Each structure stands twice: as C-alpha cells, then as structure tokens.
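The values are calculated or read from the model by the stated rules, or taken from the named source; none is laboratory data. Please read these numbers as outputs of a predicted model, since none were measured by experiment. With ideal geometry, Cβ positions are generated from the backbone for all residues, glycine too; neighbour counts draw on all protein chains shown.
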Amino acid sequence: MSDDPRLNPDPSRDPAQQIDEETGHREIDPVTGYDTTGHDWNGIRELNTPFSRIALWAMILTFLYSVVAWILLPAWPYGSSFTRGVLGLDQQTMADERFARIAADRATWMAPFEASDFEAAQADPMLMGPAMLAADRLYQDNCAACHGTDGAGGPGYPALNDAHWLWGGTPGIIAETLHVGINADRDDTRFAQMPAFDYLERRERHALADYVVALKDGSADPQSEGGVLFLDNCSACHGDDGAGGYENGAPSLTDDAVIYGQDRDSVLETLRYGRQGVMPAWSDRLSEGDINLLALYVATLAQEGEAEEGAQP
C-alpha cells in the first residue's frame, strides 16, 4: 500500500473517490498525478487537488485581524450601544470634529459677506475669486433646478444671465429678493401677478395676442386694435412700448426675456388665465452670508450676459 495520499488503495478511507475496479486503487489523473473526486461531466473528471496554502494563510490572517479589530475598535452592538474598543475610537465624534473644523474655516472666509457691503466685496479680487467657486456650488444646489445651471432660465422661470430684470439686478436688490421671495408665504414678499384678461372679448384677446407677438420682432402697429388694447390694459406694467424696465415684476415683451413664451398660443393662454409664478423666500434656509454671496454670484451672471450681448453684432 502506498503512503502517497494521491494513491490510496483503501477505498474505505474515502468512499466518494472513484475506484479502479481492476486494481482497487483510486483513479489517478495521468497528467497531474492527483486523485479524481469521482465527479464526471461528459467525460471530464474533477481533480481532488489540495486546498491552496495561500488561501489558507489568508483565511488565518483574516481571522487574526478580526480578533485584533474586535479588541481595539468599536465592534459588537448590544442593546442601544456597542463595544467601544481599547482605542476608544468613535467615527461619529471624528466626523463631528472634522465638520466643526470645516465650518470654522468657512466662517472665517465668509465673514466679509455677512455684511451687505457689496461694493467692497466686488472690489476685492482676492476675496471674490475663491468665493465665487463656493457661490457656484450654492447656486447649483438651490437655484439651478428652476433657473438652469447657467442661469438661462426656461419656461416659467426668468433668465438670470441677461440685462432684463423683473425687480432689479444690483447685488443689494437681488439679496432683498432672495430674502423675501416673490409671491412667497410671508407678509413682506414681493408681489407680482399677471391678471387674467378674460373680461375681454375673444376677438379682443386675439387682437391683443397678435400685437404682443409682433412686439418681439418690431412689427407691432401701435395704431392697430391690439395696440390700443395694449395701451389701455398692459402699458401700466410693461411700458407703452412693451419694453418693461419698471422693476415691478413685469417682464419686457420686446426680447427674449419673456417668461412663459411669446408664441401666439402661449400669449393667448396667458391672457385667458393669467400668470402668478412663485419664488420662495430663502432667508429661512440660507444664512445672511450665503444670501449675500449668492446675490453677488447672480449679479456676476448678469454682467457676463450683458458683456456677451454687447459683443454681438
């Protein structure tokens, strides 16, 4: 009888092994010299190879590490608490400490923005440079969902990257708008509403819509029926020429600043049902410094937009 475990003539030691009927020995793979397990898949026999020593040592080391970790680190929960470990480490405490350091650093460079001295801030490029990076993140988190990532606005939301402002585009006025909102749920909010002109006859609404559509391309006739209706019903908010600029919440109707669209169907819908958009007041969500920083950022978007418009032929 051979001592080689790969060639054991005693089938009782492992009855699962494939036994050669003629010799009583396990079947040996002639290429590798290993026993087979007795498993056969369409002529392919499985070898009974030994467990990898590398894998075995890896398991042993992993187990030893887990024992050490159980002793040194927080590990086992019990009731409403857990074992603290010899080192006494607490990831929640560590995270709180790091957050406190970040908040302290932020408070240091944010301090100049707590005061509403926008001119001084704008005159300091060393301050504005890194601050605008943080302001962009603030804008993307709180404003971009409505006004677009680049401030270009969209249907129902005004653009912030041009020279056309509903309430004024200086940092101070923008900060005030951010504080109180527009048609927001507070007493001092800015209020703006485009009333429904359903009291006009259908024919009159169509004439007025045609006039408003024509304002954008400069083909509107002030002497037409629509022009007379516009002067009587719309000019108080939008101006006699439809250019707005009164900073009362009414947009210009002579350019791309129109909020709800200036095709005929959109204008007819506006005249029939009115419009009343809402911008929330941000003073309950953002700090004074955040609002002032955001106001400076939005004003910068407008300045860049004005520069691009001025560069166009």
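Some notes on this structure:
- Check on Asp241, touching a helix residue (DSSP H, G or I) at 6+ places or on another chain (Cβ under 9 Å), part of a loop (DSSP other than H, G, I, E, B) and either of a type outside the set (A, V, I, L, M, F, W, C) or within 30 Å of Arg137 (Cα to Cα) (or both): yes
- Close pairs from segment 38-56: first among the charged types (D, E, K, R), partner surrounded by fewer than 15 Cβ atoms within 10 Å (Cβ to Cβ), Cβ under 6 Å, at least 6 apart: Glu46/His39
- Inside segment 133-145, residues that are exposed (fewer than 15 other Cβ atoms within 10 Å of the Cβ) and in contact (Cβ under 8 Å) with a residue 60 or more places away in the chain make up a count of 0.
Residue-wise test of (1) outside any strand (DSSP E or B); (2) modelled with pLDDT of 95 or more.
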{"residue": "Glu46", "(1), (2)": "no, no"}
{"residue": "Leu56", "(1), (2)": "yes, no"}
{"residue": "Leu61", "(1), (2)": "yes, yes"}
{"residue": "Ala69", "(1), (2)": "yes, no"}
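- Among residues of segment 165-189, those that are in contact with a strand residue (DSSP E or B) (Cβ under 6 Å, 6 or more places away or on another chain) and either free of Cβ contacts under 8 Å to residues at least 60 places away in the same chain or assigned by TED's automatic domain parsing to the domain that holds Ala243 (or both), counted: 0
- Residues in segment 54-113 that are closer than 30 Å to Ile291 by Cβ and touching a strand residue (DSSP E or B) at 6+ places or on another chain (Cβ under 8 Å): 0 in all.
- For segment 230-248, the candidate set comprises residues that are buried (at least 20 other Cβ atoms within 10 Å of the Cβ) and in contact (Cβ under 8 Å) with a residue 24 or more places away in the chain; within that set, the residue that is farthest from the chain's Cα centre (by Cα) is Cys234.
- Qualifying position, being under 30 Å from Ser266 (Cβ atoms) and either at pLDDT below 90 or not in a loop (DSSP other than H, G, I, E, B) (or both), among Asp136, Asp141, Asp162: Asp162
- Condition met for Gly226 (part of a helix (DSSP H, G or I), touching a helix residue (DSSP H, G or I) at 6+ places or on another chain (Cβ under 7 Å) and without any contact (Cβ under 8 Å) to a residue 40 or more places away in the chain): yes
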